[in-house]
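So the structure is just underneath, and the comments pick up after that.
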Amino acid sequence: MADVPSARRQFPGHGSRRAAPRGVPVAAWLLLAACASAAADGTPPSAADRPGLVLQAVLGFSDTFRPGRWTPVTVTVSNRGEAVSGHLEVIGSAGDEFREQRFEVTHRRRLELTRDARKRFHFTVHLESLAQPLIVQARSAGRVIARHAIDLRQRFTAERLILVLSRDADLDYLNDREGKALRVLYPHPELLPDHWQGYDAVAAVVLHGQSLENLGARQYEALRRWLASGGTLAVSGGPDYALLRTPRLAALLPATPVGMTPIADAAAVGQALGVRLPGPRPVHVNRVTAVLGQVRAEVDGTPLLIEQAFGAGKVIYLTADVARAPFSRNPDMRDAWPRILGLAPPAARTPRMAAPESPVPAIVESRLRGFPGHGTALLFLALYLSVLLTGYRVRPAPGAARWLAPVATWAAPLLFAPAAWLVFGPLLFERGASVAVAAVIEPLGSSPYARIHLDVGMFSTRDRPLALEYDGLEPTLRVPTASRFAGGPADWVFGMDTPHSAAPGDARGFRLHLLEGRDVVPFDLEARITLHGDRMQLSVRNDSGHALDDAWLIWRGSAWPLGTLAADARFEQFLAPDPYAVESNREEWWDVLERHPGDVARRLELMKPVIAREAARRDAGEYPGVGHALLMAHTTSPLRPAGASGHWQHRALALVLLRFPTPAAAGGGDQEAGAYVEN
Amino acid sequence: MWRTEPLLSETAHGLLGHGRAQLDYLLYLALQAVVVFAWWPKSSLREMLAAGDGPDTLLAAMVAAGFAIAWYSVRAGAEEVLLPGQHGLREWAAATTLPLARVLGGYLASQALHTLHLIALSAPLLLVAFSVSGGEWDALGWCLAAIVFQATFYRLAGACIYLFIGQFGAMTILSVRGFVILAFVASAVFVPAASFLRLCAQLLGNTGSPAATAPQAPLSFIAIHAVLAAALVVLVRWQLARVRGVVHAGAARA
């Protein structure tokens with residue numbers, strides 16, 4: 001045997017060390033590196049399970065959003081790995097961090113992707129807080145498999161947004177306007193929102209050289225609904241006017257372009273538009289026919305600016321080409337554009353009013369059965385004890401059948417037990433989950449749409465997770481500010497697939513979870529009052545698809561009952577002198593309705609706060625106000641429990657409020673008011 | 001089984017009879033009814049939803065039922081209340097030649113039957129409270145299971161007290177009552193896992209943790225009482241063996 005090397009003599013343990021298994025040090029280093037990497041970016045190790053799944057998110061428009069507004073989020077998911085089945089979630093933060101009242105709101109969609117597939121998902125989220133990033137993540141089997149965090153602090157703006165859909169138009173000069181608070185963005189049409197509320201931060205959309213045919217069906221419908229709810233679409237003319245005759249755009253434009261025509265007097269054009277136009281060169285504008293809207297500017301009979309109302313919004317047609325001289329890069333257009341678009345200065349906007357109390361608790365109290373009374377409980381308990389006492393006191397006669405004894409002993413409790421559950425449960429008190437909905441439906445005249453304001457409340461009398469599944473609407477829902485600090489806010493999860501769902505994270509019973517929401521839906525209802533001499537005729541066209549029950553006309557402090565207005569029907573009635581008139585200055589018209597012996601009186605306590613809120617929203621001292629009438633009726637609730645919530649107790653108050661202008665004066669020939677709602 | 005288990009059949013027949021034992025529990029039922037009435041929801045549903053707290057009717061009713069059955073069980077174990085025709089443990093040990101294991105087995109079976117009967121009598125009150133309190137069936141089930149094991153423990157405790165100091169009437173009465181009160185209070189303060197009050201508060205209170213998600217608490221409670229009951233069974237058997245030994249020795253001398 002060879003002599004032991006000298007190193008072993010100095011380090012006795014050296015020679016006896018066994019050879020380590022191969023690969024162990026390498027594996028240890030790899031494990032250490034993986035843990036360090038996960039710790040560095042703050043994501044859990046499981047988030048790296050699917051390296052083939054890539055999430056790309058675009059926030060708002062061109063990665064810009066306004067805090068406190070609904071914002072579109074477009075997520076593109078690319079899968080280069082195995083098929084994925086799970087959920088895609090967008091998680092935002094809301095609430096007051098300083099009072100430790102922060103909560104999370106998750107919007108969730110089903111995610112199914114095969115290998116080498118890519119899908120785009122649209123979300124609409126309400127971003128309040130900038131402190132926490134917006135998280136976009138994919139989940140499968142309960143684990144996060146991909147995650148992407150968006151830092152909101154680098155993407156927000158306080159200005160109102162103007163979206164320019166054009167390859168050529170340049171409106172960047174509007175960004176420099178001091179005090180006007182405008183920001184111009186140039187989003188790709190593919191990334192436009194697919195829900196109308198995604199335009200919440202948008203003041204106007206300017207369309208030049210583009211058609212709307214490339215938009216998806218949902219995107220186009222979202223644009224229409226946003227317009228109807230108060231948006232502004234400005235369409236520029238130009239030589240490529242064939243785009244303006246494409247079906248979708250043609251349906252919105254207030255006139256039809258048929259060619260080009262030159263206007264030699266550029267100064268006159270400038271004067272009409274309020275812009276200083278340089279040079280003697282003629283201005284080429286679209287020649288139009290079938291003008292349906294109001295011509296706001298013209299030169300020698302050639303319209304330059306045509307505007308037409310669409311619901312509460314408007315479509316503006318500039319027959320000139322804003323991307324060409326003399327309009328392009330004209331500094332005077334800075335002042336002209338806000339005037340053309342009808343944008344009010346930000347300082348003139350009405351400050352946000354304090355949030356009114358939700359009518360949902362009143363609906364819960366009035367429509368849902370409360371606890372059985374003390375008298376009922378006392379009666380039942382006394383009856384039970386009396387039966388027992390009688391059974392114990394009364395002895396069976398000698399010779400009575402032996403089976404009587406167990407019946408006498410066990411019958412009372414075994415009969416009274418199920419009776420107790422039945423009587424104090426399904427018969428007298430509703431167990432399980434309930435949902436109460438208050439909806440105000442406000443038809444938007446000159447459009448087939450109506451704006452809906454929703455108040456939703458859900459609760460359960462049992463300690464179990466709640467998840468409301470619903471259909472009929474796709475509203476954007478959020479937790480009302482007023483309800484957040486009562487008992488602490490809960491996290492919420494909103495499911496965006498059909499049926500939609502809303503689930504609070506608090507599973508405790510007897511907790512009323514409130515939500516408020518908005519939507520714009522097809523609801524075509526029109527009313528007008530026509531004067532025939534000294535007689536007034538009311539005409540109503542109901543193409544909403546819903547019957548209107550217990551309808552009333554409110555006008556000049558008087559109220560006329562109209563009964564039921566059937567769906568898809570026409571109604572005409574001469575208004576007789578009515579018995580329901582406001583008799584004193586201290587009386588409101590809804591006080592008058594209390595004297596009516598019908599459903600209205602019973603529901604009036606629920607309707608009053610809703611109507612008062614609508615009146616306050618208009619900053620009106622009275623409602624419907626001078627020069628306007630109000631058609632008020634009940635209808636079926638647009639939001640209905642569905643799916644797994646179909647068995648829930650459901651109580652709803654759906655109020656239709658159609659406010660329309662009325663004739664200026666009675667008598668002196670036929671006079672007819674425009675039948676379109678002024679909002 | 002009824003005919004081969006004399007203690008069990010004795011109890012089953014006794015339950016069909018009429019006597020002071022039934023009237024005693026009827027009084028306890030009346031007290032439970034008073035509790036249900038006193039804890040009946042006084043606020044409207046709207047007020048409770050605004051406060052975010054549900055009624056405590058079921059919690060109060062369950063605590064009342066658990067305490068009443070425990071109180072009754074310890075008195076029954078101490079033979080203060082006997083069903084019509086029912087004999088005590090000491091008599092079974094001294095006057096029969098049945099193996100003590102069989103005597104104890106029959107005793108535990110008859111005690112379980114009696115407890116189930118008491119629960120059945122309280123069931124209408126509990127279900128009235130259950131309906132308005134929005135309780136969960138699994139939580140209710142756990143509480144009733146806890147009552148059964150608790151009653152077993154107290155019945156055996158009463159039997160122990162009676163077997164050891166039964167000849168001192170007044171002391172037995174005081175010891176039985178004091179034991180129940182002390183056990184309830186001490187467990188609530190020092191051994192929460194063994195406290196029926198805390199168990200009911202956790203399962204039925206407004207804590208947001210239904211029994212379905214937290215079965216550890218009732219399982220711990222049941223396990224503790226099962227272990228204690230097993231220890232008491234050993235004590236009772238030992239004492240019964242002494243009683244039988246004394247009787248046989250006396251008979252032999254005679």
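Numbers for the structure displayed
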item	result
GluC sites (Glu not before Pro) within segment A:72-137, DSSP loop, no more than 12 other Cβ atoms inside 10 Å	A:E82, A:E97, A:E100
Nearest-0.05 FRET efficiency for B:D138 and B:V247, computed from C-beta distance (R0 56 Å)	0.70
For segment A:142-280: rounded, prolate or oblate by the Cα gyration tensor [a/c cutoff 1.5]	oblate
Among B:L82, B:L49, B:L27: highest mean-square fluctuation, GNM of chain B, C-alpha pairs under 10 Å	B:L49
3J(HN,Hα) from dihedral phi, segment B:130-137, Karplus parametrisation 6.51/-1.76/1.60, rounded to Hz, x for glycine, proline	4, 5, 7, 8, x, x, 9, 4
Rounded if a/c under 1.5, otherwise prolate or oblate - segment B:48-102, Cα gyration tensor axes	prolate
Per-pair calculated FRET efficiency, R0 = 25 Å: A:Q294 and A:A344 via Cβ, rounded to 0.05	0.85
³J(HN,Hα) computed for each position of segment B:167-175 - Karplus, 6.51 cos²θ - 1.76 cosθ + 1.60, integer Hz, glycine/proline x	6, 9, x, 5, 5, 4, 4, 5, 5
DSSP-loop trypsin sites (Lys or Arg not before Pro) across segment A:215-307, with at most 16 other Cβ within 10 angstrom	A:R276
Per residue value of the accessible surface for segment B:27-133 (all protein chains in place, 1.4 Å probe), Å²	32 Å²
Ranked by how many other beta carbons lie within 10 Å on average, peptides A:57-64, A:166-173 from highest	A:57-64, A:166-173
Dipole moment magnitude, nearest 20 debye, chain B about Cα centre, only Lys, Arg, Asp, Glu C-beta charged	760 debye
Among B:S122, B:S43, B:S175: highest mean-square fluctuation, GNM of chain B, C-alpha pairs under 10 Å	B:S43
Long-range amide H partners of A:G432 with built H, under 5 Å	A:T461, A:R462
Exposed-loop-free span, longest in chain B, where trypsin sites (Lys or Arg not before Pro) count as exposed if DSSP calls them loop and at most 15 other C-beta atoms lie within 10 Å	B:43-254
Per-residue average of Cβ from other chains inside 10 Å of A:415-422	5
Rh (Kirkwood; distinct C-alpha pairs) - segment A:226-384, Å	19.4 Å
Distance in nm between pseudo-label sites at A:R556 and B:L31 (7 Å out along the Cβ direction from Cα)	7.6 nm
Prolate/oblate/rounded call for segment B:128-240, Cα gyration tensor, a/c under 1.5 rounded	prolate
Whole-number Å³ per residue for the convex hull built on Cα positions in segment B:1-152	108 Å³
Sum of side-chain charges, B:S133 neighbourhood, beta-carbon under 12 Å (Lys, Arg +1; Asp, Glu -1)	-2
Additional length obtainable on full extension of the chain from A:T481 to A:L575, 0.36 nm per residue less Cα span	29.5 nm
Peptide A:423-435 - average C-beta neighbours from other chains (10 Å radius)	3
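The values are calculated or read from the model by the stated rules, or taken from the named source; none is laboratory data. As the structure is a computational prediction, the values presented were derived from the model and not from experiment. Using ideal geometry, Cβ is built from the backbone for each residue, glycine included, and neighbour counts are taken over all protein chains shown. For accessibility, only protein heavy atoms count, side chains too; no ligands or nucleic acids. Shrake-Rupley method; radii C 1.70, N 1.55, O 1.52, S 1.80 Å.
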